[in-house]
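Take this structure, written in C-alpha cells, and hold onto it; I'll ask about it next.
Just so it is clear, none of the values below were taken in a lab; they were calculated from the coordinates. Model, not experiment: these values are computed from the prediction. Here the Cβ is made from the backbone with ideal geometry for all residues, glycine too, and neighbour counts use every protein chain on show.
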Number of protein chains: 2
Amino acid sequence: MRVLILGGDGYLGWPTAMSLAVKGHDVWVIDSYLRRRIAMDTRSEALIPTPNLHDRSEFFKSVCGKKIGVTIGDCADYRLLSRLFSDFQPEAVIHYAEQPSAPYSMIGYDEARTTLNNNLNTTFSLIWAVNEFGKNCHIIKLGTMGEYGTPNIDIEEGWIEIAHGGRKDKFLFPRQGGSLYHTTKVLDTDLLWFYVRAYGLTVTDLMQGPVYGLSTAESDYDRRLLPNFHYDDIFGTVMNRFLVQAVAGIPLTVYGRGDQIRGYLNLKDTLQCVELAMNTPPAPGELRILNQFTEQFSVNTLAEKVQAAGNGLGLNVTVNHIDNPRKEMEQHYYNAKHHGLMELGLVPHYLTEEVLADMLKTVAAYKGAIDNAKILPRVRWNSR
Amino acid sequence: MRVLILGGDGYLGWPTAMSLAVKGHDVWVIDSYLRRRIAMDTRSEALIPTPNLHDRSEFFKSVCGKKIGVTIGDCADYRLLSRLFSDFQPEAVIHYAEQPSAPYSMIGYDEARTTLNNNLNTTFSLIWAVNEFGKNCHIIKLGTMGEYGTPNIDIEEGWIEIAHGGRKDKFLFPRQGGSLYHTTKVLDTDLLWFYVRAYGLTVTDLMQGPVYGLSTAESDYDRRLLPNFHYDDIFGTVMNRFLVQAVAGIPLTVYGRGDQIRGYLNLKDTLQCVELAMNTPPAPGELRILNQFTEQFSVNTLAEKVQAAGNGLGLNVTVNHIDNPRKEMEQHYYNAKHHGLMELGLVPHYLTEEVLADMLKTVAAYKGAIDNAKILPRVRWNSR
C-alpha cells in the first residue's frame with residue numbers, strides 16, 4: 001500500500017515508517033521539524049540525539065534495504081501537501097503532524113497560537129488534499145485519550161448513546177481537554193467529523209494514551225534508528241521522566257497526589273494498532289474511533305513500578321510528590337473502554353518489570369547526557 | 001459601561017452599537033469589512049446600500065448626539081486587538097466578528113480556510129487580549145443554535161447531565177454543525193470552554209437562531225442607519241429570501257420538504273438579549289450558555305406566514321419547493337429549550353403578520369434594486 005506519514009520525524013512517526021516499509025509498503029514521510037525547533041528554543045533537546053530525517057532514511061536503507069521517501073515541509077501548507085498527494089497518490093495517510101506538548105501549549109500566547117494553527121491547519125489541509133486528490137484515501141488520525149478528560153462516567157470508544165427526556169440519540173462522546181494541546185485535538189475530531197458527514201471521507205481517529213518504549217524490531221538494529229527520547233518538561237512523558245530520574249539517582253517527581261489515572265501503551269503496540277487500523281479501514285463516510293491503550297493505572301502505581309524495576313537493577317529509587325503544575329483532577333473516576341483494537345487483533349505488550357528494566361538499561365547508556373535542569377516543570381497552568 | 005463590539009459593521013453589530021450608545025454606554029466598534037469583501041467577490045451585495053462604518057458613525061452622531069468609536073482592522077490580528085484593549089479598556093466585549101455564511105464556507109478550500117482561520121483566530125485573539133489586558137472583561141460571544149444541529153432529543157441550554165452505566169456527569173450539550181461555518185462556532189465554544197476552565201474567564205455564549213427585521217429604535221430614524229439586508233444565497237437568510245421573492249413576484253423557494261424547524265427571533269430581541277446578558281454577567285470562571293430565539297417553526301410555516309402577509313398587501317405570493325442544496329435532515333424532531341433569557345427579562349417581539357407586512361413594505365421600497373440572479377442557490381454541499 002502507498003502510505004504517507006505526516007510527522008514522520010516524530011517519536012511515533014519514524015518507527016511507524018520503518019515498520020511499514022519493512023512490511024513491504026511504499027512509505028513516504030513529511031515533517032516540518034517543528035518539534036526540533038521547539039526543543040532548541042525551549043532547551044528541551046532529546047536525551048539520545050537522532051539524525052535528521054534524510055540521514056535516518058539513508059541509514060535505514062543501508063541496514064534494511066528499504067527506501068523511505070522524505071519531504072521536509074509544513075503539512076499546513078496546502079499547496080505542498082496537495083502536490084505530495086498528486087505525486088505520491090497515497091492510499092492511506094497516518095497523521096501524527098501535531099505540536100504534541102501540553103506544557104508548551106500553555107506557556108503563553110505565541111506558543112498557544114502555534115499549537116492551534118499548526119494542529120488545526122494541518123488537519124484541515126489533509127482533509128482538503130484527500131477531498132481533491134484522493135477521495136478514497138483512508139485518513140488515520142492520532143487523537144488522544146486526553147480529549148475525553150476525566151469524566152465521572154465510563155469512557156466509551158468515541159461515541160455514546162444518550163437517553164434524555166424519553167428520547168435518545170447517538171453522539172460523539174463528550175470531550176473536555178486538560179490543555180490547549182488536548183483541546184486542539186478535540187477540535188481536530190470535530191473538524192474530521194464534519195467533513196466525514198459532508199463529503200463521505202474514510203477516517204479512523206485513534207484516541208491514544210501515553211506511549212512508552214524505545215525498542216521496535218527496526219530500531220533494535222542500530223541506535224541511529226532509535227526514536228527520539230525526551231525526558232524534559234516540554235516533550236517528556238511522565239514515564240520518561242521517571243526512567244531518567246531513576247537512572248540519575250534523583251527522586252521520581254509525582255505531580256500532586258498521584259492518583260491521576262491514564263491508559264498507557266507500549267510503542268510496539270502503537271505500531272500494531274496503526275497497522276491494524278490501516279489494514280481494515282472503516283466504510284467511506286464513517287468516522288471510526290478506537291481507544292488506543294492496553295492498561296490503565298495511576299501515576300503512583302507507575303512510580304512504584306519504576307521504583308521496583310530500578311531497585312531490581314541495583315538503583316536506589318525514591319519517590320517525591322511535588323506541587324502539580326497542571327490544572328487537573330488528582331482524584332477521579334476513570335474507566336475507559338478499549339475493545340475495538342483488541343477485536344482487530346492487537347496482542348498487547350504490557351508494562352512488565354522486564355520491559356521497565358530494558359528501558360532503564362537503554363537510558364543508563366546515556367546517563368552522562370542527562371541534564372537535571374530540564375526535568376522539573378517550568379510551565380504552570382495557573383500562571384495567569 | 002465601556003463596550004467593545006467586534007464585527008461592528010455587521011447586520012447585528014451596527015444596531016447593537018447604536019442601541020448601547022443611546023443607552024449611555026461608551027461604545028467602540030472594530031470590523032475588518034470581511035463581509036463587504038466577500039459580498040463583492042461573490043456578487044452578493046446587500047439590497048440596501050449601507051455607508052461605511054466611519055460614515056455611519058458620523059451620521060449617527062449628527063442624529064443621536066452619541067459618539068461610536070471606529071477601528072477598521074482584523075480582530076484576528078492580536079497586536080491590533082490588544083492595543084485596542086489597552087487603550088479602550090472594555091468592561092464587556094460583544095463578539096460578532098465571524099464569517100457568518102454557511103454557503104460561503106462550503107464553496108471550496110479557500111473559502112473554508114478563510115472561515116476557519118477568521119473565526120477561530122478572532123476568538124483566540126479575543127481570549128488572549130482578555131487574559132492579558134482585561135481579566136475581568138465579560139466576553140459575550142454570539143454562537144448559533146446551528147451548533148446543536150437537529151438531535152433526536154430535547155436541546156438544553158448549552159449543558160446536559162448524562163446518566164451512563166449507573167453514574168452521571170454534566171457536559172457541554174453535544175454539538176454537530178451542518179456546515180463548516182457552523183462547525184467553526186462549535187470549535188469557538190470548545191476553545192472558550194477550555195480557557196474558561198484554565199484561566200477563569202467570564203463568558204456568555206449566546207446560541208442564536210436566525211434573526212429577522214430591519215427596524216430598531218435607532219435605525220428607524222433614517223434609512224442611512226439601517227442594518228444591511230442581504231437576500232442573496234450567500235448572506236441572505238431564508239426569511240430575507242422569502243420577503244424579496246414575495247415583493248419581486250417570484251415564488252418563494254423552499255429547500256426540499258420544508259419541514260426543517262429552527263428557532264427564530266426579531267432583531268429587536270437580539271438587542272434586548274445582548275443587553276440583558278451584558279447587564280447580568282455570569283460569575284468569573286463560568287461559561288454561561290443561553291439559547292437565543294423566541295419561537296420555533298418550520299420553513300413551510302415561515303413560507304405560509306410570508307404568503308399570508310404578502311397576500312394581505314395585495315401581492316400574489318406563491319410557494320415552490322426546490323432541490324435542497326444543503327445536506328440537512330428535512331424531517332426531524334426539534335425541541336429547543338430557551339428559558340434563560342426570558343428569566344433575565346426578555347420581552348419577545350413575535351413574528352406577527354404586522355411585523356411581516358412592515359418588512360415587506362421596507363423591501364418594496366427597494367424593489368427596483370432586486371437582482372433575481374442572486375437569489376437561487378449557487379453553492380451545493382454535495383458537490384464533491
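Express the relative contact order of segment A:256-384 as a whole percentage, based on alpha carbon pairs under 8 Å and six or more residues apart in sequence. Walk me through the intermediate numbers first.
On the way: 121 pairs, mean separation 51.2, N = 129.
Computed over segment A:256-384, the figure is 40 percent.
Can you put A:Cys75, B:Cys64 in order of Cβ neighbours within 10 angstrom, beginning with the fewest?
Listed from fewest to most nearby Cβ atoms, that is B:Cys64, A:Cys75.
Report the residue, chosen from A:Phe60, A:Phe85, A:Phe173, that carries the largest GNM mean-square fluctuation when chain A is represented by alpha-carbon nodes joined by springs under 10 Å.
Answer for the Gaussian network model of chain A: A:Phe173.
Taking the dipole about the Cα centre of segment A:2-374, with the C-beta of Lys and Arg at +1 and of Asp and Glu at -1, give me whichever of A:Thr71, A:Leu187, A:Ala92 is farthest to the positive side.
With unit charges placed on the Cβ atoms, the residue in question is A:Thr71.
Further question: Farthest toward the dipole's positive end in chain B, which of B:Thr114, B:Leu206, B:Leu172, given Cβ charges of +1 (Lys, Arg) and -1 (Asp, Glu) about the Cα centre?
B:Thr114
So if we plug the beta-carbon distance of B:Asp41 and B:His339 into 1/(1 + (r/R0)^6) with R0 = 41 Å, what FRET efficiency do we get, rounded to 0.05?
For R0 = 41 Å, the calculated efficiency reads 0.50.
Kindly state, to the nearest 0.05, the FRET efficiency for A:Ala369 paired with A:Met329, given R0 = 45 Å and r defined as their beta-carbon distance.
Efficiency at R0 = 45 Å is approximately 0.80.
Suppose you put the label 7 Å out from Cα in the Cβ direction; list, shortest first and in nm with one decimal, how far B:Tyr333 is from each other copy's label.
2.4
If you stretched the chain out fully between B:Arg224 and B:Tyr109, how much longer would it get, using 0.36 nm times the residue separation minus the C-alpha to C-alpha distance? It would help to have the intermediate numbers written out before the result.
Working: separation 115, 0.36 × 115 = 41.40 nm, distance 3.59 nm.
Stretched fully, the B:Arg224-B:Tyr109 segment lengthens by 37.8 nm.
Between copies, how far apart are the B:Glu304 label points? List them in nm, one decimal, shortest first, with each point 7 Å from Cα toward Cβ, please?
Values, ascending and in nm: 6.8.
Also: Which distance in Å, rounded to a whole number, links the C-alpha centroids of segment B:144-201 and segment A:116-176?
If you average the Cα positions of each part, the centres end up 13 Å apart.
Still on this model: I want to verify a result. In a Gaussian network model of chain A, Cα cutoff 10 Å, which of these has the top mean-square fluctuation: A:Gly213, A:Gly13, A:Gly165?
For chain A, modelled as a Gaussian network with Cα springs under 10 Å, the answer is A:Gly165.
Can you compute the charge dipole magnitude of segment B:258-330 about its Cα centre, using +1 on each Lys and Arg Cβ and -1 on each Asp and Glu Cβ, nothing else charged? Give it in debye, rounded to the nearest 20. Before the final figure, lay out the partial values.
Numbers: 6 positive and 9 negative charges, 24 e Å.
Charge dipole of segment B:258-330: 120 debye, to the nearest 20.
Classify the protein assembly as shown as rounded, prolate or oblate, taking a ≥ b ≥ c as the square roots of the eigenvalues of its Cα gyration tensor: rounded when a/c is under 1.5, otherwise prolate if a/b is larger than b/c and oblate if not.
Note, shape of the protein assembly as shown comes out prolate.
Could I ask something else about it? Simple spin-label model, 7 Å along Cα-to-Cβ: A:Asn279 to B:Glu161 in nm?
Reported label-point gap for A:Asn279 and B:Glu161 is 4.7 nm.
Out of the DSSP beta bridges found with both residues in segment A:2-374, what percent are antiparallel (nearest 5)?
Expressed as a percentage, antiparallel bridges in segment A:2-374 total about 20.
Between rounded, prolate and oblate, where does segment A:2-374 land on the alpha carbon gyration tensor, with a ≥ b ≥ c its root eigenvalues, rounded for a/c under 1.5, else prolate if a/b exceeds b/c?
Values: a/c = 1.59, a/b = 1.16, b/c = 1.37.
It is oblate, given that a/c is not under 1.5 and a/b is not larger than b/c.
Which of the chymotrypsin sites (Phe, Trp or Tyr not before Pro) found in segment A:305-384 are in a DSSP loop and have at most 13 neighbouring Cβ atoms, other than their own, within 10 Å?
Passing sites in segment A:305-384 are A:Tyr350.
Pairs of alpha-carbon atoms within less than 8 angstrom and 6+ residues apart define the contacts here; what relative contact order does segment A:2-374 have, in percent?
After rounding, I find 19 percent.
Cα gyration tensor of segment B:1-138, axes a ≥ b ≥ c as square roots of the eigenvalues: rounded (a/c below 1.5), prolate (a/b > b/c) or oblate?
oblate
Suppose every Lys and Arg Cβ carries +1 and every Asp and Glu Cβ carries -1, with no other charges. What dipole size does the protein assembly as shown come out with about its Cα centre, to the nearest 20 debye?
660 debye
Taking the Cα centre as origin and putting +1 on Lys and Arg beta-carbons and -1 on Asp and Glu beta-carbons, what dipole magnitude results for segment A:2-374, to the nearest 20 debye?
It works out to roughly 300 debye.
From the label point of B:Thr352, set 7 Å from Cα along Cα→Cβ, how far away are the matching label points in the other copies, in nm, ordered shortest to longest?
8.1
Helix check for chain B. Which DSSP H runs span at least 27 Å along their own axis by Cα, with a mean Kyte-Doolittle hydropathy no less than -1.0?
B:109-133, B:180-199
Mind jotting down the distance between the C-alpha centroids of segment A:9-44 and segment A:316-384, whole Å?
After rounding, the separation between the Cα centres reads 21 Å.
Beyond 31 Å between alpha-carbons counts as too far, so tell me which of A:Lys141/A:Lys367; B:Lys268/B:Lys367; A:Lys67/A:Lys305; A:Lys337/A:Lys361 fall in that bin.
Distance filter (> 31 Å) returns A:Lys141/A:Lys367; A:Lys67/A:Lys305; A:Lys337/A:Lys361.
Just to be sure I understand: with springs between alpha-carbon atoms less than 10 Å apart, which residue in A:Val186, A:Val63, A:Val196 has the highest mean-square fluctuation in the Gaussian network model of chain A?
The residue that fluctuates most here is A:Val63.
Then there's this: Counting alpha carbon pairs within less than 8 Å and at least 6 residues apart, what relative contact order, in whole percent, applies to segment A:228-317?
39 percent
Can you tell me the FRET efficiency between B:Asp77 and A:Arg2 if r is taken as the Cβ-Cβ distance and R0 is 41 Å, rounded to the nearest 0.05? If you can, show how the numbers build up before the last one.
Details: r = 41 Å, r/R0 = 0.99.
FRET efficiency, B:Asp77 to A:Arg2: 0.50.
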